[in-house]
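This structure is in structure tokens; I'll ask about it shortly.
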């Protein structure tokens, strides 16, 4: 019976195609409108005006081979039920194909109920149909759009808790990045390149201080120009790439910047050069012609022109000290959403500009500020040690992504331990650099700073033998790169599960899961195994260079409850979005834009973006064995209890 139905459907397809008009336009007219049901729910009504001498086929099975289909899409809504028709179709038994058929003539309205999750949501509607007369059929397609109102649906309590956890996840990650950028912005003020600009700022704004209102306006615009000069270039890059190529291209650019070996090695070298400069080996300055030209315009231009060029001079002169700091902020920000670098740079520049705006508003503050001196060079040397430590992260990222094996966890830790030990001795006056002033005694501040540095060194030492060092988990190479851990042997992910008859895992020869967990690195393989054992899939979009991923694994996955659930209740599948391993040609994938994806990371990244709209890591999704998502996705959030609740919700939906 099934075979005969398939055969008849195929014949129907053949005859319909043979009888289909190849030219001309369809005559059925379509329109769409919105009906507000209240409390965030809407009906989207799509109406067809079918000429009486034509008919279009019904929805679903009654439509035969070419049923009418109506697709309603928007990221800001969820569908409530299926599309329904305003009246029953004209039904009949087709003697040729021996199946029940249904069609419509005249006016008919199709309705899709939706729940709006954001205000003023735009909804795209695609209609596909086949209209026929005696012996002739024509395929048609129409694209419509409607806009919903300002009402949004209030989720049930249980769903709202999950949504709240998701918002907290994304928000927590974002605000952590903003706070870090602000701290770096204030730290940049203490550098030798920036601090001397304070007297120049005060001198400039004292000239026009007679007119109070005008002076305040100029001071505020000074801060605005500083923020703009730091923020607008990165904003322009993001906006241009989005306009030209869309989200995928922008995400690809930042993914390349954060994970490709070339920018990471360049940044590593730049950080080492800046560190050498901070230690006194040489001075890094921008071309004097560029700086002098900007400085000349400060005096020549009147009004806001002079204020702008003063801000430009500050940015240029301070570049040799703020450059590596800005680079560090941007690289960290690229691991989030594509807009995060803009907000991170805005936060950095706001913190950086506030003291200069205050000096412009209140020139008398200069008398209360510390004077330049040897302490500025000490700050510069301390930043040099920090540059060495932070620069290693770029080399480590390239090492992990390309599997070079140059900078395993214990080697990385050994360098940090030596670096910060030397910093401690410097603070105690036991090391002296080229431009240092003589240290006749140790101030209380330097003593407490030295105590903090040596305490940090002592904290790191157990990590040489496998201590988790959770406070540094985001900056260190993953634990699985360490060759020796006290109390456990080396672990290699080659088995899917302890009770499995699968002995090898695809890509398991160069990829591993953290914490000794077993799992897969290919979704199709994971789905097959999940169907076999009857467990849901814990899908982890991760990256070798993802700081937040390492923090989640070290602080959340390592919790006994979470780890037990991962081991016993889920099939883990980790998809690395930044792995540069080139696959065999048989595994290459053609993306929606027609580009051929050849590396494992690009394939996984494109899949994450197209299937789940995810371009930030970590991104966790629970799936059933057929690949259908169970509940909401989850991102970076160190709340263990909320993570356990999210896992339990996925398990309940799976049951």
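Sorted by mean Cβ packing within 10 Å, highest first, what order do the peptides 79-87, 262-270 take?
262-270, 79-87
What is the packing order of peptides 476-486, 516-526, taking the mean over residues of other C-beta atoms within 10 Å and listing the highest first?
Put in order of decreasing packing, that is 516-526, 476-486.
How do 132, 549, 359 line up, fewest other C-beta atoms within 10 Å first?
132, 359, 549
Put one equal scatterer on each alpha carbon of segment 536-614, apply the Debye formula with no solvent term, and list log10 I(q)/I(0) at q = 0.15, 0.19, 0.23, 0.26 1/Å to two decimals.
One equal scatterer on each Cα of segment 536-614 leads to -0.63, -0.89, -1.09, -1.21.
Please work out whether segment 529-569 counts as rounded, prolate or oblate from its C-alpha gyration tensor, where a ≥ b ≥ c are the square roots of the eigenvalues and a/c under 1.5 means rounded, while otherwise a/b larger than b/c means prolate and anything else oblate?
Judged from the Cα gyration tensor, segment 529-569 comes out oblate (a/c at least 1.5, b/c at or above a/b).
Relative to the present Cα-Cα distance, how much length would full extension add between residue 339 and residue 430 at 0.36 nm per residue of separation?
Extra length from residue 339 to residue 430 when fully extended: 28.3 nm.
If contacts are Cα pairs under 8 angstrom and at least 6 residues apart, what is the relative contact order of segment 480-654 in percent?
22 percent
Right, something else. Output needed: percent of Cα pairs per 5 Å distance bin for segment 397-485, bins running from 0 to the one holding the longest distance.
Per 5 Å bin, starting at zero, the Cα-Cα P(r) for segment 397-485 comes out as 3, 13, 21, 18, 14, 11, 10, 7, 3, 1 percent.
Which semi-axis lengths, in whole Å and largest first, follow from the square roots of five times the eigenvalues of the Cα gyration tensor of segment 480-654?
23, 20, 17
Continuing with the same structure: By average Cβ neighbour count within 10 Å, what is the ranking of 39-48, 387-396 from highest down?
Packing proxy ranking, top to bottom: 387-396, 39-48.
Taking the alpha-carbon centroid of each part, what is the distance from segment 48-65 to segment 372-451 in angstrom?
75 Å
Read-outs throughout are calculated quantities, based only on the coordinates presented, and are distinct from any laboratory measurement. None of the values given here were measured: they were computed from a predicted structure. All Cβ positions, even for glycine, are placed from backbone atoms using ideal geometry, and neighbour counts span all protein chains on display.
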